[in-house]
Amino acid sequence: MHHHAYLWTGPKERFDDEALRRPPHADPPPAGGRPELIERYRQVAAEFRTSDLPPLETAYWLVKPRSLVRGTWDEAKEAAAWLGERLAEYTPRFAAESDRDTARLARLVDAAAERLRSGADVSYGCYLERPSYLTLALVTCSPNRASPELPCPCA
């Protein structure tokens with residue numbers, strides 16, 4: 001088992017485009033369906049795997065391009081340390097003062113290490129100065145507990 005790290009920052013409006021953050025449904029709309037639904041399905045099918053947008057389900061980071069992997073570690077503690085370093089890097093830009101609390105951030109890192117050791121994924125997001133959003137994810141791989149059928153991006 002190992003862990004991959006992912007980071008995304010961008011406009012909150014883009015993050016809110018949930019259709020592009022979910023994998024396309026296994027059954028496409030019927031050929032005679034509403035043209036706007038068919039077009040939206042085609043867009044999602046074409047862009048989900050290649051988009052840098054964070055998926056709604058953390059495990060689906062594994063189907064995104066390998067170039068989005070920010071680091072890979074065998075040890076949960078090392079992966080959680082990456083999370084801590086990123087949180088420290090972005091803390092001055094956090095929109096909410098409460099998100100900047102160093103004791104709270106240390107607890108997040110400790111909890112992340114524990115979750116990763118158990119085989120779970122970690123996903124954290126917060127608002128940066130308006131209108132930006134930050135997401136950080138650590139995804140357990142080989143296999144992923146939530147979606148064991150997803151391939152390792154580094155294989």
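Restricting attention to the stretch 10-23, which residues are open to solvent by 30 Å² or more (accessible area, probe 1.4 Å) and either aliphatic (A, V, I, L, M) or in contact with a Lys or Arg (Cβ under 9 Å, 6 or more places away or on another chain) (or both)?
Within the stretch 10-23, Lys12, Ala19, Pro23 qualify.
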If you go through the stretch 65-104 one residue at a time, how many are of a type outside the set (Asp, Glu) and either closer than 19 Å to Ser132 by Cβ or part of a loop (DSSP other than H, G, I, E, B) (or both)? 17
Could you list, in sequence order, the residues of the stretch 57-87 that are open to solvent by less than 70 Å² (accessible area, probe 1.4 Å) and without any contact (Cβ under 8 Å) to a residue 60 or more places away in the chain? Ala80, Ala81, Gly84, Leu87
Scan the stretch 41-64 for residues that are of a type outside the set (A, V, I, L, M, F, W, C) and either assigned to a loop (DSSP other than H, G, I, E, B) or at pLDDT below 95 (or both) and jot them down. Tyr41, Arg42, Gln43, Glu47, Arg49, Thr50, Ser51, Asp52, Pro54, Pro55, Glu57, Lys64
In the stretch 113-122, the residues that are open to solvent by 80 Å² or more (accessible area, probe 1.4 Å) and either touching a strand residue (DSSP E or B) at 6+ places or on another chain (Cβ under 9 Å) or basic (Lys, Arg) (or both): Arg115, Arg117
Matching option when the condition is open to solvent by 30 Å² or more (accessible area, probe 1.4 Å), closer than 18 Å to Tyr60 by Cβ, out of contact with any Ser or Thr (no Cβ under 7 Å at 6 or more places or on another chain) and of a type in the set (Gly, Ala, Ser), among Ser147, Ser142: Ser142
Index of the failed condition, Asp110 passing every other in (1) within 18 Å of Pro143 (Cα to Cα); (2) assigned to a helix (DSSP H, G or I); (3) open to solvent by 70 Å² or more (accessible area, probe 1.4 Å): (1)
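The values are calculated or read from the model by the stated rules, or taken from the named source; none is laboratory data. Keep in mind that this is a model prediction, so the values were computed, not measured. Using ideal geometry, Cβ is built from the backbone for each residue, glycine included, and neighbour counts are taken over all protein chains shown. These area figures cover heavy atoms from the full protein model, side chains too; ligands, DNA and RNA do not enter into them. Shrake-Rupley method; radii C 1.70, N 1.55, O 1.52, S 1.80 Å.
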